[in-house]
Amino acid sequence: MSLRHGIRRIPVGRALQASTYTQPSITPSIPRSWQRWSSAAVSPASERILFPGALNSKLTNDLEFTSPSTAEAIPTFRVMDQDGVVINNERGVGTTDEEAVTLYTQMVLLSIMDTIMFEAQRQGRLSFYMASAGEEAITIGASSALDIGDVVFCQYRETGVYLQRGFTLEQFMSQMFSNHKDVGHGRNMPVHYGSRELNIHTVSSTLATQIPHAAGAAYALKMQNAQRPDLPPRIACTFFGEGAASEGDFHGALNIAATRGSPVIFLCRNNGFAISTPTRDQYRGDGIASRGAGYGIETIRVDGNDIFAVRESIKEARKKTLEDGGKPILVEMMAYRVGHHSTSDDSFAYRQRVEVEDWKRRDNPLTRLRKWLEGRELWNEQKEGELRRKLRKDVLGAFAQAENEMKPALKYAFTDVWENVTEEQKSQVTELLGVLETYPEEYDIEHHEGGLDSLRELVKK
Amino acid sequence: MAAKPQSLRPLASLLRPRSAYRCQQHQQQPQFRSYSAAPPGARLNGTVNYDTTSILNHTSKTALSNPELPENVRTGPTKSINLYTAVNEAMRHALQTDERVLVFGEDIQFGGVFRCTMNLNEDFGTERVFNTPLSEQGLIGFAIGAASEGMRPIAEIQFADYVYPAFDQLINECAKMRYRAGKTDMHCGGLVVRMPAGVVGHGALYHSQSPEVLFTHVPGLRVIIPRSPIQAKGLLLAAIACNDPCIFLEPKILYRAAKEHVPVGGYTLPLDKAEILKTGSDVTVVSYGTPLYTCEAAIQKAEKDLGCSVELIDLRTIYPWDRETILNSVRKTGRAIVVHESMQNAGVGAEVAATIQEGAFTRLEAPVKRVAGWATFTGLAYEQFVIPDVARVYDAIKKIIEY
Ligand SMILES: Cc1ncc(C[n+]2csc(CCOP(=O)(O)OP(=O)(O)O)c2C)c(N)n1
Ligand SMILES: [Mg+2]
């Protein structure tokens, strides 16, 4: 994808030699007997039976059902506590002081942009917005632990991923105001960003559909990694909510990634809500992490308010995805959705105001990192004020600029449906042009780049 | 410690006022509309007015004069409510009168994202009115199972755009169950799948779709789209009572915009009849759901400007559909236009046009005209150019008369 990391095309001739590519997927840990179904037979003295569907299951005479409620909940990994104090100094935070300051700056920028855009939507200046409040450390931290060549698939509440990978304020604003500079040609709802340079696929509103894409993309990357060992290996990472994890696509994705050994990180943001639906209506197991074992996937649960824990876990997860010839890893990041689901939602219709206030007071990813920075005398009130003033100015500047840009050319209403515009589409554009020319006072065309000419050009081609 | 949460308001004042053209708010839509607002000089587009349209019954008297209503309802009281409240009242009535009725879907317990299930959980309990996990295939499959064992589930899909994970369940299971079961007579009649559909001005690719034709292609399902609160209540209650599974598409822009007097009591409306909303002698305009309002506005202008007389018909049930009413009308007028939001290719218009061509060919004065969405998607910035508007329908009437 990214030219920076070289195009890894598989020569046609070699692609047919399947063994070259399937080799890495055969993990040495799978015993050969797995493949030999006929060995299901068991001698009377044996303690285990090799049914083809359950490996190494011990025989027992106890009539006992496994009960998830008796098992301890999966622990949550953290590096520092709520007060920004590092729990184990030997393990450290895996982050330099400069990196930490930069990460903090990014988190503040994300939260300032969220506040401004939310308010702007309230004023009717854009149609929609989704904020990340409470999840800033997850998206920014995880993104900072991935390589820029890694391919990312987002859900929608991952503005921090784009920010950390280098999406500029101008790019954010152009997308949100659907102006002519938006690479999505003004087609998508606000916050449905995408970037070829940053290797992030464009967001689709349909939940969970990106999860199997990540499994397949990771498989492609695995083959390409094998093909070009001279280039740094790439993996895929997909973000999704705990609500989206109820979709069939989630389950299909984990299973196929496990069977094919796809180097992919499945990163669940468990923020306690799917719009109004609390987790107790969403699932009855131990969060999303408990599902990893069911698919034979190594899994970790992480405190999503702790950016160091997020970074450490993703660094380690990334390393693991490239081991044993490639394999998926499931990471469940715990958080609390502090804001409303979106600008279309009023969350106080289904949760108490005090519940939210309590959470905000108790824990917050920005506050935690700031406390750590202050503990090391890297930060203070004055720096905070200066930073906020500067970032606010930057955001508002980009906002004003983008809001007044031209809308994209009208031809983009019809292009990219297929690779080329079809004969049927051309005849429809001709019909539309006829209407637009006959009734010019009925349409707002002058704000679209090129006016009607862009449509005329389309018909001529 | 020093870190304080940022307050919202101070930032608000920093946002400078937007430039002039963005300030125009569409008359009928209090929400954000700047992607598709008609310019100030427009004479056709932007003229749909829900407060005065003759499609809605603005008084109790006109509402009760509807001959399709049962006698006891026609003498009863009415209440002025919008479409989402009418849907809510239909479900409330069904829950009250039939203990087999269940209501479930994503986020429905707190009232649903469009408020259609408001207070139902509180009043009927979580056994009967409940949130489902976020899985359309799961919840529709669940609904089919419940219906097949004698319940009458009303399952909500949050947006029609998100019905596709349940497509296999609807096409291969729901539609075919009765046929494959034969003499065992196991079927999932009593199942109603409700979903908001259609454009609202800013829904883009995934909050705008009208997927009715994906279901009308499949026999075994009934596909229904109401145009107004009275229709929504009566058709939904008919769907719940119906022994065939029903797909009930609710035009979401009408949830709040369309308000009229609705009988307070329970009643059903026929699932096999189109309705002539306005008689005319020169052109038949066939539509359903939201575009009916567009058609009405266009017809008003066209009749005045061109001196023609146009008949407007609401299909109501998209499949199976009332072929006779349409054919009789076109045999009279000799000209037909079909209007819908979803794409023209292989759309409802194609089916209606082909049927007219087969059944009224010798009476036709002009080719049947389709005014529909183009062969593309509803890009955010382009909705007004893709979805039929008053100007396009007006132009179609003009052209078909001049043909
Ligand atoms: C297939 C599908 N069904 C329903 C929706 C409507 N919807 C949008 S967001 C959302 C909740 C998602 O919750 P979660 O996955 O937990 O993510 P969060 O919003 O908490 O970040 C729902 C139901 C959708 N977009 N796609
Ligand atoms: Mg969530």
Comparing the chain by itself with all protein chains present, which residues of the stretch B:117-146 are at least 20 Å² less accessible (probe 1.4 Å)? B:ASN131, B:PRO133, B:LEU134, B:SER135, B:GLN137
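My understanding is that a pair violates if its Cα-Cα distance is over 28 Å; which of A:LYS411/B:LYS399; B:LYS252/B:LYS301; B:LYS176/B:LYS273; A:LYS460/B:LYS304; B:LYS61/B:LYS233 do that in this structure?
Among A:LYS411/B:LYS399; B:LYS252/B:LYS301; B:LYS176/B:LYS273; A:LYS460/B:LYS304; B:LYS61/B:LYS233, the Cα-Cα distance tops 28 Å for A:LYS460/B:LYS304.
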Please give the per residue volume of the convex hull enclosing the alpha carbon atoms of chain B, rounded to a whole number of Å³. 174
For the stretch A:76-403, take every pair of Cα atoms, bin their distances at 20 Å starting from 0, and report each bin as a whole percent. 32, 61, 7
Just the projected area, averaged over all directions, of the convex hull on the alpha carbon atoms of the stretch A:410-460: how many nm²? 3.4
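How large is the Rg to Rh ratio of the stretch B:45-111 when both quantities use alpha carbon positions and Rh follows Kirkwood? Don't skip to the end; give the middle numbers.
Working: Rg = 15.6 Å, Rh = 14.7 Å.
Result for the stretch B:45-111 is an Rg/Rh of 1.06.
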Of the residues B:GLY150, B:PRO219, B:PHE124, the Cα lying farthest along the dipole of the stretch B:66-263 towards its positive end, which is defined by charges on the beta carbon of Lys, Arg, Asp and Glu, belongs to B:PRO219
Reference-scaled alpha-carbon Rg (2.2 N^0.38 Å with N residues) for the stretch B:152-243: 1.15
Between B:THR355 and A:ARG196, what's the calculated FRET efficiency when r is the beta-carbon distance and R0 is 51 Å? Round to 0.05. 0.65
Neighbours of B:ALA346 by Cβ distance under 15 Å: Lys/Arg at +1, Asp/Glu at -1, summed charge -3
Treat the stretch A:355-461 as a sphere of radius equal to its Kirkwood radius over Cα pairs and apply Stokes-Einstein at 4 °C in a medium of 1.567 mPa s; give the translational diffusion coefficient in µm²/s, rounded to a whole number. 69
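Could you work out the mean count of beta carbons from other protein chains within 10 Å of each residue's beta carbon in A:408-416? Before the final figure, lay out the partial values.
Numbers: counts 4, 1, 4, 1, 4, 11, 8, 1, 3.
That average works out to 4.
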Rg/Rh (Cα only; Kirkwood hydrodynamic radius) as it applies to the stretch B:66-263: 0.95
Determine the dipole magnitude for the protein assembly as shown: charges of +1 sit on the beta-carbon of Lys and Arg, -1 on that of Asp and Glu, nothing else is charged, the reference point is the Cα centre, and the result goes in debye to the nearest 20. 720
Area accessible to solvent at A:TRP359, 1.4 Å probe radius, in Å²: 70
For the interface of A with B, what's the total buried accessible surface in square angstrom, probe 1.4 angstrom, rounded to the nearest hundred? 6000
If you only keep lysine pairs separated by 8 or more in sequence, or across chains, how many in the stretch A:76-403 come under 28 Å at the Cα atoms? 18
Starting from the Kirkwood radius over alpha-carbon pairs of the stretch B:156-198, derive D by Stokes-Einstein at 25 °C in a medium of 0.890 mPa s and give it in µm² s⁻¹. 214
Return the Rg/Rh ratio of the protein assembly as shown with Cα-based radii and a Kirkwood Rh. 0.99
Applying the span-like rule to chain B (DSSP H, Cα extent along axis at least 20 Å, Kyte-Doolittle mean at least -1.0) gives B:83-97, B:291-306
So which helices of chain A fit the span-like rule, where a helix is a whole DSSP H run, its Cα atoms reach 27 Å or more along the axis, and its mean Kyte-Doolittle is at least -1.0? A:97-122
For the stretch B:305-365, the percent of all C-alpha pairs falling in each 5 Å bin, from 0 up to the bin holding the max distance, is 4, 16, 29, 26, 16, 7, 2, 0
What does the charge add up to near B:PRO219, with Lys and Arg as +1, Asp and Glu as -1, over the other residues with Cβ less than 12 Å from its Cβ? +2
Determine the order of B:VAL213, A:VAL183 by accessible area, beginning with the largest, at a probe radius of 1.4 Å. A:VAL183, B:VAL213
Estimated [θ] at 222 nm from DSSP helical runs (n ≥ 4, -39500 (n - 2.57)) normalised by residues in chain B, nearest 500: -9000 deg cm²/dmol
Could you state the number of Å between the C-alpha centres of the stretch A:153-200 and the stretch A:396-461? 21
Rounded if a/c is under 1.5, else prolate if a/b is larger than b/c, else oblate: which is the stretch A:230-307, with a ≥ b ≥ c the root eigenvalues of its Cα gyration tensor? prolate
Probe 1.4 Å, protein heavy atoms only - accessible area per residue of the protein assembly as shown in square angstrom: 42
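The values are calculated or read from the model by the stated rules, or taken from the named source; none is laboratory data. The structure displayed is predicted, hence computed values, not measured ones. A quick note on method: Cβ atoms are made from the backbone with ideal geometry, for glycine too, and the neighbour counts reach across all protein chains shown. Please note that ligands, DNA and RNA were not included when accessible areas were found on the heavy atoms of the full protein model with its side chains. Shrake-Rupley method; radii C 1.70, N 1.55, O 1.52, S 1.80 Å.
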